[in-house]
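S.K.: Following this message is one structure expressed as structure tokens.
Derivation of every value follows stated rules applied to the coordinates shown; laboratory data play no part. Since the structure is predicted, the reported quantities are computational estimates derived from the model, not experimental observations. In this analysis, Cβ positions are derived from the backbone assuming ideal geometry, glycine residues included, and neighbour counts consider all displayed protein chains.
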Ligand code: ADP
Ligand code: MG
């Protein structure tokens, strides 16, 4: 479960100014939810996702992930909790260009010092699950955008995270491929993983169970995706 209590975050601007980006965010995301975060450019979506991803700190308030308060962590502790609890998916896929699909998926296991044979076997299973077994030895530049994103989702899932965080995961994909990738997120979610997707695509948010609308650093609305469509 993800809980944010009165999270504030400012960035320093110049010597003595601050940009107040998140203004008292209160948010609870239950285990097994599939939610989207929407909002205009500059509303604080990536800042919020970076805090959820333990990639950035916050000024005050409290972030609780799986019953652990994520505050005043060292780099080492942050990395530990990121590996333990989280999987990341990005708009630009972030695959290593000189590693094949299987090696890319296996990468998180390499960092956990799992031997090559074991990690490649596990990675192959994940590729199979996402319909990409035949592409295991292909390099990223031989894959379509949708295939690359499926590889990236397999890589995010290999540590069995409790939460997947995705920042504009369909931003570089056409609408048909976006729909395929959303189906993968829905499948992953059905198996129990919490999925949080930042998007500005209403087709994408419409395929999630709850839409959280961020505006100017404040949660403006949070609720059922279909209802949100009607409001919009
Ligand atoms: P979004 O993802 O919704 O477009 P961001 O969270 O990226 O919004 O940014 C929110 C605001 O914070 C923007 O005005 C942006 O320019 C500013 N901002 C983001 N990151 C930094 C940073 N590292 N330093 C200073 N300002 C930042
Ligand atoms: Mg952003």
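S.K.: Please pull out the direction-averaged projected area of the stretch 1-64, using the convex hull of its alpha-carbon atoms, in nm² to one decimal place.
M.R.: Seen from a random direction, the Cα hull of the stretch 1-64 projects 4.7 nm² on average.
S.K.: On to the next question. Let me test this: with uniform point scatterers at the alpha carbons of the stretch 1-152, what is the Debye-based log₁₀ I(q)/I(0) at q = 0.11, 0.17, 0.20 1/Å?
M.R.: -0.57, -1.07, -1.22
S.K.: Classify the stretch 76-201 as rounded, prolate or oblate from the Cα gyration tensor: take a ≥ b ≥ c as the square roots of its eigenvalues, call it rounded if a/c is under 1.5, otherwise prolate when a/b beats b/c and oblate if not.
M.R.: Since a/c reaches 1.5 but b/c is at least a/b, the shape of the stretch 76-201 is classed as oblate.
S.K.: Please work out the C-alpha center-to-center distance from the stretch 1-57 to the stretch 90-125 and express it in whole Å.
M.R.: Computed from Cα coordinates, the inter-centre distance equals 29 Å.
S.K.: Using packing as a proxy for protection, rank 129-136, 147-154 so that the peptide with the highest average count of other Cβ atoms within 10 Å comes first.
M.R.: Sorting 129-136, 147-154 by mean packing, highest first, produces 147-154, 129-136.
S.K.: Here is a follow-up. Does the stretch 146-232 classify as rounded, prolate or oblate by the C-alpha gyration tensor (a ≥ b ≥ c root eigenvalues; a/c under 1.5 gives rounded; else a/b over b/c gives prolate, otherwise oblate)?
M.R.: Prolate, since a/c reaches 1.5 and a/b exceeds b/c.
S.K.: Based solely on its DSSP helices, what 222 nm [θ] is calculated for the chain when runs of n ≥ 4 H residues each add -39,500 (n - 2.57) and the sum is averaged over all residues, nearest 500 deg cm²/dmol?
M.R.: -11000 deg cm²/dmol
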